[in-house]
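Student: Provided herewith is a single structure, encoded as structure tokens, for subsequent inquiry.
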Amino acid sequence: MPLAKIAVSIPAEMWIANASAEHPEVTFRVISTQYDDGTATGLFEIEGGDVVEVLAGANDAPEITGLDLLWNDGSKTVVQLETDKPALLRPVSRAGVPLRTPFVIADGVASWEVSASDDKLSALTDELDELGITYDVESVQSFPNPDEDPLLTPRQREALATAFEAGYYDTPREATQAAVAGSLGITKATCSDLLHRAEGKLVERCIDPDA
């Protein structure tokens, strides 16, 4: 299953396109997204620059229908934004491609990573083309079939998948380890061991591909 890195140019009429271009000193990081029936909600981490000015612009943007300040520690600000014009998430939803988060937006460009079949990736680029959204597929990396490279045991893979789907690896976390253990029907200690061993193998493979 390939992992594609795609630089997507955000339509100029969207607030975030202008904000990221006008404030190059600010880092915009999309922590999580949700798209439902034409409405999109995103959790943004904003770091650096004049955050008050940035948020004032978001508050005045016609496509932003909701803005909630969730956290600020003086250096980083986390806000939840809602829009009824989700130009970027609509093609992702239509193509059925999972979008990895977090991803960074800088100078009007969103740096996406998507992992999907060749057909799904083709469907995504077709959707972007149809909407007139420009993009650049920077790289496509193929990963071995799990059946051909059994890095993880079936139980470890199940634990990781359950944790991922529950939001355990989201930032901030959407699920506790106890909740993941409950979904798997095992104790928290067993769940911790499964995840720790699986994560260790994945880190080892990342650092030393020949291991």
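Student: Mind checking the full-extension length gain between Thr39 and Asp60? Use 0.36 nm per residue of separation minus the Cα-Cα distance, one decimal, nm.
Tutor: 5.7 nm
Student: What list do you get for Glu25, Glu113 if you sort them by fewest beta carbons within 10 Å?
Tutor: Ranking Glu25, Glu113 by Cβ neighbours within 10 Å, fewest first, gives Glu25, Glu113.
Student: Leaving out same-chain residues fewer than 8 places away, which lysines sit with a Cα under 23 Å from that of Lys5?
Tutor: Correct list for Lys5: Lys120.
Student: About the Cα centre of segment 32-114, what is the dipole size in debye to 20, counting +1 per Lys and Arg Cβ and -1 per Asp and Glu Cβ, all else neutral?
Tutor: About 380 debye.
Student: Next up: Compare the Cα positions of Gly66, Gly200, Leu99 along the charge dipole of the chain (+1 at Cβ of Lys, Arg; -1 at Cβ of Asp, Glu; about the Cα centre) and return the one farthest towards the positive end.
Tutor: My answer, from the dipole projection, is Gly200.
Student: Given points 7 Å out from each Cα along the Cα-Cβ axis, report the Asp129 to Arg94 separation in nanometres with one decimal.
Tutor: 1.3
Student: Related question: May I ask for the net charge around Leu67, where only other residues with Cβ less than 12 Å from the Cβ of Leu67 are counted and Lys, Arg are +1 while Asp, Glu are -1?
Tutor: Combined, the nearby Lys, Arg, Asp and Glu give -4.
Student: Compute the signed sum of charges (Lys and Arg +1, Asp and Glu -1) over the other residues within less than 11 Å, Cβ to Cβ, of Ala40.
Tutor: Charge balance in the 11 Å sphere: -3.
Student: Counting other beta carbons within 10 Å of each Cβ, put His23, His196 in order, fewest first.
Tutor: Going from sparsest to densest Cβ surroundings: His196, His23.
Values quoted throughout were computed directly from the atomic coordinates according to the rules given, and no laboratory measurement underlies them. Not measured: the values here are computed from a predicted model. Because the Cβ atoms are built from the backbone with ideal geometry, glycine has one as well, and the counts that use them run over all protein chains shown.
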